[in-house]
Amino acid sequence: NPVYKHFTTAHEFDLIRLDGDDGGYIMFYAGFTPEAQAGPPGDRGYLLYSDDLKHWREDPRNPVFGPQTPDDWDAVHVRPRSLNRLGDMWYLWYEGCNDWTPPTDPSHHGWWDTVGLARSADLVEWEHYPRNPALPGTGIGAHQFDGKWTGWPRMVVRDGTAHVFYTGDGEVGVRTIDVDHLTDWSSEGGETIDLLADD
């Protein structure tokens, strides 16, 4: 150990065994990137491959995952947390972080972890959920564990339902959604929140 060393610091990750005869594995992790292609320095998503869990190969296109926008809720850090294959697409739940004012608490301006969603056919080209952050704090108040921030998402799919476990203020919660709704972004109701809009 370590079986792989990032050139700076690395932390949050997901490890997936690929279906197929080769028995391969992929690791998707957050690595600090001092000179990011877009936005300020921060965590970005890096992809590794292995056949034996000991020797790891980097994707030559790393980092393969970055923020949705250069100045919005996830502009500084994106941290891959939960990677799932649904049909022919990969779905990624990730933590995003920036110095911003969450819509649930306009009196506070600071650093808040918030959960976003993205998807990809090849783990390199990503489409972000159009109404990110997908799993924000509820804004219910100080008595609610996830009233302000959310993080550490992990999705488990069972019987056509996606169960997204997450934390907020040191407690664990779960939110559920039908897989059909999770994967068909064009069918959802609701309205995109413009986090930069002047009220």
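Quick note: the coordinates plus some simple rules give every number you see, no bench work behind them. No experiment lies behind these values; they were computed from the predicted model shown. When we count neighbours, we look across all protein chains shown, and the Cβ atoms used for this are built from the backbone with ideal geometry, even at glycine.
Once you place label points 7 Å from the Cα toward the Cβ at Ala38 and Val156, how far apart are they in nm?
3.5 nm
May I ask you to evaluate 6.51 cos²θ - 1.76 cosθ + 1.60, the Karplus curve with θ = phi - 60°, for each residue of the range 147-162 and list the ³J(HN,Hα) values in order in whole Hz, giving x for glycine and proline?
Residue by residue, the range 147-162 yields x, 10, 9, 9, x, 6, x, 8, 9, 10, 9, 8, 6, x, 10, 8 Hz.
Grab the eigenvalues of the alpha-carbon gyration tensor for the range 1-65, scale each by 5, take roots, and send me the semi-axes largest first in whole angstrom.
So the three semi-axes of the range 1-65 are 23, 12, 9 Å.
Can you give me the relative contact order of the range 1-98 as a percent, contacts being Cα pairs under 8 Å and 6 or more apart?
Across the range 1-98, relative contact order equals 23 percent.
Please give the contour-minus-distance gain from Leu86 to Ile16: 0.36 nm per residue of separation, less the Cα-Cα distance, rounded to one decimal in nm.
Working: separation 70, 0.36 × 70 = 25.20 nm, distance 1.33 nm.
Extending this stretch completely gives an extra 23.9 nm.
Where the Cα atoms of the range 114-180 are projected onto their three principal axes, how long is each span, largest first, in whole Å?
Largest to smallest, the principal-axis extents are 41, 26, 18 Å.
Give me a comma-separated list of calculated 3J(HN,Hα) values for the range 84-95, in order, Karplus coefficients 6.51, -1.76, 1.60 applied at θ = phi - 60°, integers in Hz, x for any Gly or Pro.
Along the range 84-95, the couplings run 9, 9, 10, x, 9, 10, 9, 10, 10, 8, 9, 8 Hz.
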